[in-house]
Amino acid sequence: MHIKKIKRDYWVFGGSGSAILGFGLSLMVESGFIKHSDAPTWHWVGLGTLSLVLIMSGINFLFRSFESKLKLKLDNKVED
């Protein structure tokens, strides 16, 4: 059961981390376009800040997925 939870964490955190990271990068590009379209400053600053939060969250999720992958490899070595 322990192995199943680690595998599930690996896939859930890896998939959601990739999606959140991609969305954050897209939002960062969009905030750059908004900056140069004569929008109020708070629009592009708010979107830029939100994009950085999403990028960092996505990276954090990917690191959590990598941690699960290392646990799986360690468990496989212990069993062998």
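Every number here is computed from the coordinates shown, using simple stated rules; none is lab data. Every value quoted in this text rests on a predicted model; they were computed, and no experiment measured them. Ideal geometry is used to build each Cβ from the backbone, glycine not excepted, and the neighbour counts take in all protein chains shown.
Magnitude of the Cβ-charge dipole of the chain, K/R +1 and D/E -1, about the Cα centre, nearest 20 debye?
Dipole of the chain, to the nearest 20 debye: 360 debye.
Between residue 18 and residue 39, what FRET efficiency follows from the Cβ-Cβ distance if R0 is 35 Å, with the result rounded to 0.05? It would help to have the intermediate numbers written out before the result.
Working: r = 29 Å, r/R0 = 0.83.
Taking R0 as 35 Å, the efficiency between residue 18 and residue 39 is 0.75.
Find how much the distance from residue 50 to residue 69 grows on full extension, using 0.36 nm per residue of separation minus their present alpha carbon separation; answer in nm with one decimal.
Taking residue 50 through residue 69 to full extension adds about 4.0 nm, to one decimal.
With the chain treated as a Gaussian network of Cα nodes joined by springs under 10 Å, which of 65, 51, 26 yields the largest mean-square fluctuation?
Top of the fluctuation ranking is 26.
Over the residues of the chain, compute the C-alpha Rg and express it relative to 2.2 N^0.38 Å. Display every interim value, and only then the final one.
Values: Rg = 17.8 Å, N = 80, 2.2 N^0.38 = 11.6 Å.
Its radius of gyration relative to the 2.2 N^0.38 Å reference: 1.53.
Taking 0.36 nm per residue of separation and subtracting the Cα-Cα distance, what length does fully extending residue 11 through residue 29 add?
Details: separation 18, 0.36 × 18 = 6.48 nm, distance 2.73 nm.
Using 0.36 nm per residue and subtracting the Cα-Cα distance, I get 3.8 nm.
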